[in-house]
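Notes for the one structure printed next.
The values are calculated or read from the model by the stated rules, or taken from the named source; none is laboratory data. Since the structure is predicted, the reported quantities are computational estimates derived from the model, not experimental observations. Every residue, glycine among them, receives a Cβ derived from its backbone with ideal geometry; neighbour counts consider all protein chains shown. Note: areas computed on protein heavy atoms with side chains; ligands, DNA, RNA excluded. Shrake-Rupley method; radii C 1.70, N 1.55, O 1.52, S 1.80 Å.
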There are 2 protein chains.
Amino acid sequence: MSLSMYQASVPVLVRALTALSAILKKAEAHAEARKIDPAVMLGWRLAPDMFNLTRQVQIASDGAKGCAARLAGVELPSFADTETTFAELQARIAKTIDFVKGLDQAAIEGSAEREIVLKLRGNDVPFTGASFLTGFALPNFTFHIVTAYAILRSLGVEIGKLDYLGVQG
Amino acid sequence: MSLSMYQASVPVLVRALTALSAILKKAEAHAEARKIDPAVMLGWRLAPDMFNLTRQVQIASDGAKGCAARLAGVELPSFADTETTFAELQARIAKTIDFVKGLDQAAIEGSAEREIVLKLRGNDVPFTGASFLTGFALPNFTFHIVTAYAILRSLGVEIGKLDYLGVQG
């Protein structure tokens, strides 16, 4: 028995995006309770040359739709990066989940050996669907989810690893 | 075509651990160049109630060997959490990579539908091998790799996402 490309991609992306949405709801409530300007929280970074919270959420969304669209062999949808509020980020996440869930399961299942070429810093880097998913797309997507979590943890938002994992402990 | 349980686990763990090792080498060099006490860097945290860098590396190691051992159906090796230097953390990572690489590939390939039960906050949470890998073990492992990276980024160590991804851009 082996893993299905679909099971290894779409539910993983949806679980993490759903967890991100829940974490951002806790962050918004924290900002309200502590009278923190939401814009300050959304603009927070772990280092001056890292992306802020808003951008981490946008890139996580890009990572999810890019991963799933490439596996399904469809054109990548372009979302304008115009979100400036928690509500708009929640809408972006919901739209991303809808897109990912709406893709053709059979097309994704058939992607394990399909060639996928990425441009990284100007160079073409060839992957198979399987190596793209496990060696690039999921680690990259997860990077931005965890960084968003880390920004909020560094601000004192009361979240824990099980919020990120989306698992009932 | 589908994904192999082995390809979706062991190379993913090894790639991330190898990247973590390279990132820690850059961190050590940064500490030396800036005359930062390595113990201060290893004890750094993103928030007072988060684990420090040393512990993040230890837990990433635990996550990798726990993931691979459970999939292979062998007993989890216990590593004493006694590392206090970069060199000791490098040895821990190398030992983890050796363990993961040494497991029986066929046993891991056959794990997709095997039941794996985790204790989370005292509750038994049942998984299949496939759902354990994609829904818990890899997100959990990656969480600690990214958090280690984020700690070092917040300290000004000159690393970028491609160091984490272990991809040549």
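Before moving on, here are some points about what is shown:
- Principal-axis tilt of helix A:138-154 within chain A, Cα atoms, nearest 10 degrees: 10 degrees
- Teacher prompt: residue A:77 distances to equivalent labels in other copies, 7 Å Cα→Cβ, nm: 4.6
- Both chains summed, the buried accessible area for B and A stands near 3700 Å², from protein heavy atoms and a 1.4 Å probe.
- Computed over the stretch B:95-169: relative contact order in percent, which uses C-alpha pairs under 8 Å that are six or more apart: 17 percent
- Take chain B and mark each of the GluC sites (Glu not before Pro) that is in a DSSP loop with at most 13 other Cβ atoms within 10 Å; the longest unmarked stretch, sites excluded, is B:1-74.
- Between copies, residue B:101 shows label-point distances of 4.3 nm, shortest first, with the point placed 7 angstrom from Cα along Cα to C-beta.
- Protein heavy-atom accessible surface, 1.4 Å probe, per residue over the stretch B:1-49: 49 Å².
- Chain B: calculated mean residue ellipticity at 222 nm from DSSP helix runs of at least 4, using -39500 (n - 2.57): -17500 deg cm²/dmol
- Taking Lys and Arg as +1 and Asp and Glu as -1, the other residues whose beta-carbon sits under 13 Å from that of residue B:45 total +1.
- Cα long-axis angle, helix B:10-33 against chain B (0 to 90 degrees, to the nearest 10): 10 degrees
- Percent carbon-and-sulfur accessible area, chain B, ignoring ligands, DNA and RNA, probe 1.4 Å: 54 percent
- Taking 25 °C and 0.890 mPa s as conditions, the stretch B:14-169 diffuses translationally at an estimated 150 µm²/s according to Stokes-Einstein applied to its Kirkwood radius (Cα pairs).
- Taking Cα atoms only, the orientation of helix A:53-72 departs from the longest principal axis of chain A by about 20 degrees.
- Count, lysine Cα pairs under 30 Å in chain A, 8 or more residues apart or across chains: 20
- Within the stretch B:90-127, the trypsin sites (Lys or Arg not before Pro) that combine a DSSP coil assignment with at most 12 other C-beta atoms in a 10 angstrom radius are B:121.
- Whole-angstrom Cα spans of the stretch B:24-93 along principal axes, big to small: 45, 26, 18
- Rotationally averaged projected area of the protein assembly as shown (alpha carbon convex hull; nm²): 16.7 nm²
- In the stretch B:51-132, inverting the average of 1/r over every pair of distinct C-alpha atoms gives 13.8 Å as the Kirkwood radius.
- Residue A:122 label point (Cα plus 7 Å toward Cβ) to equivalent points in the other copies: 5.9 nm, shortest first.
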